[in-house]
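Asker: Structure incoming, see below.
No lab work stands behind these numbers, since they all come straight from the coordinates. Model, not experiment: these values are computed from the prediction. In this analysis, Cβ positions are derived from the backbone assuming ideal geometry, glycine residues included, and neighbour counts consider all displayed protein chains.
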């Protein structure tokens, strides 16, 4: 009787260890977590589809994450706080937009670098922004004929 309990306990421990290994692998391979770097902000008319931990990409390469979202109480714009890797410097005239990985893909913040020789500093703001596009709303309008 005690031999069966020992085997069941051992198998349970192995299952828990394997599950913990999968969770650790998923966490590290997806790039979850914060990025050590400098913080900049960007104001969007719509921040639909992004949250803390959302990727910030430059030409498809992850260079940071969204570290926070807040609302400007005067303009009602969404303020995205972006944490950018220290080794990546962003020109201050760069454009920032919220876009999707594909038709049904997850959203991310895309940065298109500008031509300025002045780089945005810690605590700076990127002002050339484009909010999220409501794809389902556009499809609904097209189907219902509301785009006349």
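Asker: Simple spin-label model, 7 Å along Cα-to-Cβ: residue 93 to residue 71 in nm?
Answerer: The modelled label-to-label distance comes out at 3.5 nm.
Asker: Estimate the FRET efficiency between residue 45 and residue 117 by the formula 1/(1 + (r/R0)^6), using the beta-carbon distance for r and 30 Å for R0, to the nearest 0.05.
Answerer: On the way: r = 29 Å, r/R0 = 0.96.
After rounding to 0.05, the efficiency reads 0.55.
Asker: So how do 44, 22 line up by other beta-carbon neighbours within 10 Å, fewest first? Working shown, then result.
Answerer: Values: 44 20, 22 10.
Exposure proxy ranking, most exposed first: 22, 44.
Asker: Length gain on complete extension for the stretch residue 16 to residue 61, per 0.36 nm per residue less the alpha carbon to alpha carbon distance?
Answerer: Numbers: separation 45, 0.36 × 45 = 16.20 nm, distance 3.38 nm.
Computed gain between residue 16 and residue 61 is 12.8 nm.
Asker: Using the Kirkwood radius over C-alpha pairs as Rh, can you work out the diffusion coefficient of region 37-140 via Stokes-Einstein at 20 °C, viscosity 1.002 mPa s, in µm² per second?
Answerer: On the way: Rh = 13.8 Å.
Approximately 155 µm²/s, per Stokes-Einstein.
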